[in-house]
Every structure is written in C-alpha cells, then in structure tokens.
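Chemist: One structure coming up, written as structure tokens, with questions to follow.
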Ligand code: ADP
Ligand code: ADP
C-alpha cells in the first residue's frame with residue numbers, strides 16, 4: 001500500500017506553547033517542525049524582499065497576507081525532508097489558509113492526521129509572551145521564569161544569543177491576541193467539523209503536555 005504522508009497542525013493562541021511543544025514532539029516522531037513565524041523571521045534576518053514586506057505586518061501584530069504565507073509554506077513542505085510528513089506550527093491561521101492547505105495536501109496525496117488545539121487562558125498568554133526569550137539561530141524558545149536557559153542570554157541548544165521579539169512587547173501582544181480571536185479561532189470549528197481536532201490542556205507544565213501530545217500522535221501513527 002502507498003505510504004500516506006501524515007501532517008499535524010498545532011493550533012492555539014500566541015503563547016500557547018505551540019513552538020515549544022512542536023519542536024520536541026517533531027523530534028520524537030522523526031519528522032520536521034515547520035513554523036511559519038520562524039520562516040518569516042529567517043526571511044527578515046536575511047533581508048529578502050518577502051521578509052522586508054512581511055515585517056511590516058509582523059511588527060505591528062497583524063497577519064501577513066494569505067497568498068504570501070501559503071506560497072512560503074507550500075514551498076517548504078515540498079522539500080524532501082517532509083516526505084514522511086511534518087508538524088506545522090502557526091499555520092494555517094485563517095480559514096482561507098486552511099482551505100489552501102487542504103488543497104495542497106490532496107494534490108500531493110497527503111493526509112491531515114490530527115490537529116491538537118492547545119488551550120490556555122488569556123491571562124497566562126500575556127505572562128508567557130512578555131517573558132519569552134527567543135534564540136537568534138533556530139528559534140528555540142525559553143521563558144525568563146517558567147523555562148529559563150541554563151546560562152542567562154544564551155540558547156541551551158545552539159549557544160546563540162537570546163533576544164526579546166519586537167512583537168512580544170505588551171502593546172503588540174494585546175493586538176495579536178485580538179487578531180487570533182477574530183481570524184484564527186474560527187479554525188477550531190473548521191477542524192472539529194473534519195473530526196481531526198483534539199483539545200489539549202496547555203495550562204500545565206511543559207513536560208506533562210509533551211507526554212500527552214506524544215501519546216496522542218504515536219497512537220494515531222500505529223493505528224494508520
Ligand atoms: P507559541 O509558539 O504558541 O506562541 P511558545 O512555545 O513560543 O508559544 O511559548 C510561549 C512562551 O511560553 C515561551 O516563553 C515558553 O517558554 C513559555 N511556555 C511554553 N509552554 C509553557 C507552559 N506549559 N508553561 C509555562 N510556560 C510555557
Ligand atoms: P507566536 O509564536 O507568538 O504564535 P509566530 O512566530 O507564529 O507567533 O508568528 C509571528 C508573526 O508572524 C505573527 O504575528 C504574524 O504576523 C506572522 N505569521 C506567522 N504565521 C502566519 C500565518 N500563518 N499567517 C499570517 N501571518 C503569520
């Protein structure tokens with residue numbers, strides 16, 4: 001039988017822990033983690049034309065237009081390292097992106113296996129985003145109090161500098177949460193209707209959530 005490539009989408013508000021969890025879970029499953037935010041930040045760092053344009057939206061907490069975002073993700077998932085699937089984090093973020101993603105999956109004979117929705121109360125999100133520290137090189141994330149690096153200001157994994165993202169400042173955080181409610185929250189129903197959504201309580205410690213996610217995704221893998 002033809003092997004079906006399985007994709008997973010980690011859904012949740014900014015600060016829910018999507019990146020933190022997706023990195024570890026993808027590593028355990030041996031598939032790549034694809035973060036649309038990390039891809040944009042890489043383009044901004046390299047000053048590509050797309051990165052310069054995308055940054056105008058990102059720095060004020062708005063979403064980058066769907067066509068640019070979909071083209072970027074389409075190219076990324078066409079690469080050979082995604083031949084056994086991938087975990088997407090931060091994409092799709094609008095119903096139009098979700099529809100485009102369905103199209104990409106069916107064109108390439110892939111399956112959307114599960115969509116873990118990481119649920120966290122709004123007050124916790126603000127605390128998490130305002131204390132988030134991000135690594136310059138690969139986008140590993142830490143938190144000043146909840147998940148501090150071993151050495152202040154230095155990434156545990158690759159030794160690169162940790163910085164506070166411009167869009168993690170309080171004014172922009174509030175806007176991003178509003179944008180999430182208006183534009184991304186409808187995806188909960190979208191994926192519920194397709195019977196792939198699984199709610200995960202994200203208001204627990206990082207390791208407990210990871211264990212739940214790995215169990216959830218591994219069970220699905222063996223049942224395929
Ligand atoms: P997202 O990708 O959903 O925006 P991140 O994974 O970047 O979220 O996490 C946001 C911040 O919250 C980071 O500083 C991270 O270290 C911290 N964090 C993630 N998960 C938890 C958790 N379960 N409890 C406390 N802090 C967390
Ligand atoms: P967070 O980890 O806090 O959820 P991300 O790193 O995923 O944030 O995204 C940072 C910013 O990049 C978003 O606020 C948005 O401007 C842009 N972005 C990321 N993914 C998308 C997407 N799928 N569609 C549109 N804009 C996006």
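Chemist: Give the distance, in whole Å, between the Cα centre of segment 73-106 and the Cα centre of segment 19-41.
Modeler: Taking the Cα centre of each part, segment 73-106 and segment 19-41 sit 13 Å apart.
Chemist: What percent do you get for the relative contact order of segment 1-69 when only Cα pairs under 8 Å and 6+ apart count?
Modeler: Computed over segment 1-69, the figure is 14 percent.
Chemist: Now a separate question. For residue 206 and residue 74, FRET efficiency with R0 = 30 Å and r from the beta-carbon atoms, rounded to 0.05?
Modeler: E(calc), rounded to 0.05, equals 0.45.
Chemist: So what is the relative contact order of the chain, in percent, for Cα pairs below 8 Å that sit 6 or more residues apart?
Modeler: Relative contact order here is 30 percent.
Chemist: Place the peptides 93-102, 70-79 in order of packing, highest mean first, counting for every residue the other Cβ atoms within 10 Å and averaging per peptide.
Modeler: 93-102, 70-79
Chemist: Do you know the relative contact order of segment 70-192, to the nearest whole percent, from alpha carbon pairs under 8 angstrom that are 6+ apart?
Modeler: About 26 percent, as a whole number.
Chemist: Write down the percent of antiparallel bridges among all DSSP beta bridges whose residues are both part of the chain, to the nearest 5.
Modeler: The antiparallel fraction comes to roughly 30 percent.
Chemist: How much mean residue ellipticity at 222 nm does the chain get from its helices, if each DSSP H run of length 4 or more adds -39500 (n - 2.57) and you divide by all residues, to the nearest 500 deg cm²/dmol?
Modeler: That calculation yields -14000 deg cm²/dmol at 222 nm.
Only the coordinates and a few stated rules stand behind these numbers; no lab work does. The shown structure was predicted, so the numbers you read here are calculated from the model rather than taken from an experiment. Neighbour counts are summed over all protein chains in view; Cβ atoms, including those assigned to glycine, are modelled from backbone coordinates with ideal geometry.
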